[in-house]
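Encoded as structure tokens, the structure appears first; notes follow it.
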Amino acid sequence: MVAEITASLVFLLALCGEWLHARRIVRVAPLAFGPANRARNWTRLASPLRVLALTLLGWGLTSLLLVAPRSYRPQGELAPGKEQHLLIVFDVSPSMRLEDAGPRNQERRQARCRDLMRSFFDRIPIDQYRVSVIAVFSGAKPVVVDSKDLDVVDAILADLPLHQAFEPGDTRLLEGIREASKIAKPWNPASTTLILLTDGDTVPPQGMPTLPASIGQTLIVGVGDPNHGSFIAGRQSKQDVFALRQIAARLSGTYHDGNTKHVPSDLIARIVRRGEENQQEPWSRREYALLAISTGSILLAFLPWLLHRWGTSYLPGVRRFSTQEPRSGISLTTLMQTTARI
């Protein structure tokens, strides 16, 4: 409010000053602008621009004086509320312990998920992220929320027999997505990347949860041999590519077959870029004050120069004529002789 009052006072004083200046210009117009008594038409903008520049300077400088100073944080430390989130929905069903994953189809599916996430963590600015893991089998249970300790996350993805925490039954991936949506709901918009690690399962035609605004991108990563299945509990289990693509399409996300290849770098770069866009802070009063000061200073600096160079076409004073080039058909010699006779 103080800045607005200051700007109003500066505006009134500048108007009074321009009014007095205009009265003085009228008196000396024949000397400044010649017989026409007029400057060029664009100079009518000079007075409003000066008033605007002074007002902007008054508001901007007062705002900078009163606004709280910005606190700068060490590199890697984020302001509260600007953290990015990785929300991992991890399939811990017994089929994830089958050994048909990896380039040679000799790794456990669960261990392949760990390798994929290690590679993912190595290629992102992990110090800007908080990692959450949700285990899903016959239900869904959060294991860790907003952790910065990657060793804990790595242990969860590698060796913990989390399937023992659930009642035996069918894998319900949608329960994991629904639980992830509940956890991410209070977070900032587009601040979360949802990653689903699974070998796939039958997805019901209905019941897909609506993701909250906090989840900006979704990545579905499949593990396990998609061509040759392995038997478990009297049935054949393999990566269900069709089901995973269906989940990705219904969540407006991206599907990646991680059985033999890591997550592509261009996809990771796109996820990181979206996160950096979310970290950009909107303009505050400080930025608008700096813009006002810059604009007002530039106007006040360049207006006198523009008025001097292009304010009028009248050039007072005696012009110098060349001794070799006649002007208006009369040579300099003839003009001197005529003057001597007079």
Consider a paramagnetic label point 7 Å from the Cα of residue 227 along Cα→Cβ; state which residues of the stretch 89-131 have an amide N under 16 Å from it. 100-106
Starting from the 7 Å offset along Cα-to-Cβ, what nm value, one decimal, do you get for the label separation of residue 8 and residue 288? 1.7
Sorted on mean Cβ neighbours within 10 Å (highest first), peptides 298-310, 121-133, 48-60 come out as 48-60, 121-133, 298-310
What whole-number value in cubic angstrom gives the convex hull volume per residue for the C-alpha atoms of the stretch 123-201? 110
Using the Kirkwood formula on alpha carbons, the hydrodynamic radius of the stretch 169-258 in angstrom works out to 13.8
The FRET efficiency for residue 267 and residue 27, from their Cβ-Cβ distance with R0 = 56 Å and rounded to 0.05, is 0.15
DSSP beta bridges in the stretch 84-279, what fraction antiparallel, as a percent rounded to 5? 30
Under the 0.36 nm per residue contour assumption, what length would be gained going from the current alpha-carbon distance of residue 49 and residue 298 to full extension? 88.6 nm
Taking +1 at the Cβ of each Lys and Arg and -1 at the Cβ of each Asp and Glu, which of 246, 90, 121 sits farthest along the dipole of the stretch 84-279 towards its positive end, judged by Cα position relative to the Cα centre? 246
Calculate the spin-label point distance for residue 235 paired with residue 128, positioning each point 7 Å from the Cα along the beta-carbon direction, and give it in nanometres. 4.3
Among 185/261; 141/261; 148/185; 148/261; 182/238, which pairs are too far apart, with a Cα-Cα distance over 23 Å? 185/261; 141/261; 148/261; 182/238
Starting from the amide H of residue 255, placed 1.01 Å from N in the peptide plane, find each other amide H under 5 Å away whose residue is 5 or more places distant or on another chain. 220
Long-range amide H partners of residue 135 with built H, under 5 Å: 90, 141, 143
How many nm is it between the label spots at residue 307 and residue 65, if each spot is 7 Å from the Cα in line with the beta carbon? 2.6
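No value in this document is a laboratory result; all are computed from the given coordinates. As the structure is a computational prediction, the values presented were derived from the model and not from experiment. Neighbour counts run over all protein chains shown; Cβ positions are idealised from the backbone, glycine included.
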